[in-house]
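The values are calculated or read from the model by the stated rules, or taken from the named source; none is laboratory data. Please read all numbers here as calculations on a predicted model, not as lab measurements. FYI the Cβ positions are ideal-geometry reconstructions off the backbone, even for glycines, and counts take in every protein chain you see. Surface areas here come from the heavy atoms of the whole protein model, side chains and all, with no ligands, DNA or RNA. Shrake-Rupley method; radii C 1.70, N 1.55, O 1.52, S 1.80 Å.
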Amino acid sequence: MRIERLTQQNLARCTGVLRQPFAVIGRLLPEYRDGRWSAQEELFPEPREKVYPDDVACARFLEEEACAGFAALEGETCAGLILLEAYWNRYAFVHELAVDREWRGRGVGTRLMDCAKAWAQERRLHGLMLETQDDNLLACRFYRKYGMRIGGVDELLYAGFGSREKAVFWYLELD
């Protein structure tokens, strides 16, 4: 498997990865106490699948200088994709991290995050940051295992959609 910078040529192969369903098996229960975040897990009695809406404008990650996209490719198959941007706060914000269903659990996400980390270090950014929902427990587990920590929770970010999901913000400091 190789990791390549996202280009117009490989973009068409990779955007389908963003629209694949993923398992929702439970939720993260973050708690802020004594100046630190901790979290427990709640497993759902009935797992379900979720699909994010197709609203990612991938082209900007090819064109804008402060943005980048990387694809994990095996032959002509896209195994995963990461889209990131150098943010105003000197962190690289990971807008999307998606791994094809057939490739999940095989290190693709870790390789893409390593690539994002290297990209951030080249730009002398302070670290990586991203946001995911509290009910995306498998993603939360991955980010924790990768070494990220919770930096905040927003209970209202998704309220406009009628959702009770909480946004969990994850950080990895590089300095």
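Considering the range 72-175, the qualifying strands (runs of 3 or more DSSP E), each wholly inside and each with 2 or more residues that are over 30 Å from Phe44 (Cα atoms) and of a type outside the set (A, V, I, L, M), run over 77-86. Listed by first and then second residue, the pairs with beta-carbon distance under 6 Å, at least 6 apart or on different chains, first residue in the range 37-48 and in contact (Cβ under 8 Å) with a residue 12 or more places away in the chain and of a type in the set (Phe, Trp, Tyr), second part of a strand (DSSP E or B) and open to solvent by less than 80 Å² (accessible area, probe 1.4 Å), are Trp37/Pro30; Trp37/Ile150; Phe44/Gly26. When the range 1-36 is filtered for residues that are assigned to a helix (DSSP H, G or I) and of a type in the set (A, V, I, L, M), the ones remaining, listed by number, are Leu11, Ala12, Val17, Leu18. Residues in the range 96-122 that are more than 15 Å from Trp170 (Cβ to Cβ) and touching a helix residue (DSSP H, G or I) at 6+ places or on another chain (Cβ under 8 Å): Ala98, Val99, Asp100. Return the pairs, sorted by first residue and then second, in which the second residue is of a type in the set (D, E, K, R) and at pLDDT below 95, the first residue lies in the range 104-126 and is open to solvent by less than 60 Å² (accessible area, probe 1.4 Å), the beta carbons are less than 6 Å apart, and the residues are 6+ apart or on different chains. Qualifying pairs under 6 Å: His126/Asp175. Would you mind stating whether Ala68 is touching a residue at least 40 places away in the same chain (Cβ under 8 Å), part of a strand (DSSP E or B) and not charged (D, E, K, R)? So Ala68 fits the description; yes.
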